[in-house]
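The values are calculated or read from the model by the stated rules, or taken from the named source; none is laboratory data. Please read these numbers as outputs of a predicted model, since none were measured by experiment. Methodologically, a virtual Cβ is constructed for each residue, glycine included, from the backbone with ideal geometry; neighbour enumeration extends over all protein chains shown. In case anyone asks, the SASA skips ligands and DNA or RNA and just uses the protein heavy atoms, side chains included. Shrake-Rupley method; radii C 1.70, N 1.55, O 1.52, S 1.80 Å.
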Amino acid sequence: MEAYGGGGVGRVLLLAFCIAGIWSAYITQGVLQETVSTKRFGPDGKRFEHLSFLNLAQNVVCLIWSFIMIKLWSRSSAGGAPWWSYWSASITNTIGPAMGIEALKYISYPAQVLAKSSKMIPVMVMGALVYGIKYTIPEYICTFLVAGGVSAFALSKTSSKTINKLAHPNAPLGYGLCFLNLAFDGFTNATQDSITARYPKTTAWDIMLGMNLWGTVYNVVYMFGCPHAIGFKAVQFCREHPEAAWDILIYCLCGAVGQNFIFLTISCFGSLVNTTITTTRKFVSIVVSSLLSGNPLSLKQWGSVLMVFSGLSFQIFLKWRKLQRIQKKKKSA
């Protein structure tokens, strides 16, 4: 998509609107995700153990949302990818996020955010080993900062207050689920890129609709495919604890609204600006989690957080500089 060509105060206000939309939607979603995974609901003090149900709920809400957006705003989708082409990407897109959400049973929300921020590591490893891609020293420095920060955070002592809020504290399992989440996300992104390359007229809403359609099918089969499947238990829990049901609904709506603002940001300002906004949002999410949810971080852990986001910020700067060089070459050509 081409960057938005407007200027002046209107462009600044639009950027501020996009930042506010992405931050408010995803920070609220993060708080709700942590709440659902750690809170004890009702007088009986029960936990919502069926966290993968959030994945199905998100699929259903985003499916309905994308269908409405296509009907309201999109032009003819002739030439776009057919609905069946998303079946393989949706398998990994169903398993991956479910693993990321399940990780919250075993590690804290800040730890999960940091682990999922290290997406560049498997990408660079696979690129170097499988495709023989050569990376620059600054790119390796970024990777070292992120990997070192995540490792230092994982090895730091977690406060007893944070551990007591987790359903089943198990750091190796929690981090393992997060990194599997990243691996599945890598396949999902690669498959989506292949689809858009084969069908150039495919819109973001088409992708959102196709992915969530298949995701809904897979999750419904998994969660309601047998009489005692976890989907029935999750629905029963929500009936007995309406507060949990409301948290899940708002969580899903935040995800759908957040995707709206991401599409708007990419179409108006480009993917680099969107990456910058979402990266800073993750840092703010950790701060908000620490302040609101009572997950105190030690000075060593805060140092690890700063290390990770220094690496991510450096990566953004390298991408910006590369983009500037490309634009200069186009102008001089």
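Checked against (1) modelled with pLDDT of 90 or more; (2) farther than 20 Å from SER52 by Cβ; (3) open to solvent by 30 Å² or more (accessible area, probe 1.4 Å), VAL146 passes all but a single condition, namely (3).
Considering every residue within segment 51-72, establish whether at least one is modelled with pLDDT under 90, part of a loop (DSSP other than H, G, I, E, B), of a type outside the set (A, V, I, L, M, F, W, C) and out of contact with any His (no Cβ under 7 Å at 6 or more places or on another chain). Within segment 51-72, one or more residues are modelled with pLDDT under 90, part of a loop (DSSP other than H, G, I, E, B), of a type outside the set (A, V, I, L, M, F, W, C) and out of contact with any His (no Cβ under 7 Å at 6 or more places or on another chain). Determine whether ILE137 is on the phi < 0 side of the Ramachandran plot and open to solvent by 70 Å² or more (accessible area, probe 1.4 Å). Spelling it out, ILE137 is indeed on the phi < 0 side of the Ramachandran plot and open to solvent by 70 Å² or more (accessible area, probe 1.4 Å).
Set side by side, the residues ALA147, ALA115, ALA98 differ, and just one is part of a helix (DSSP H, G or I) and over 16 Å from the mean Cα position of the chain (by Cα), which is ALA147.
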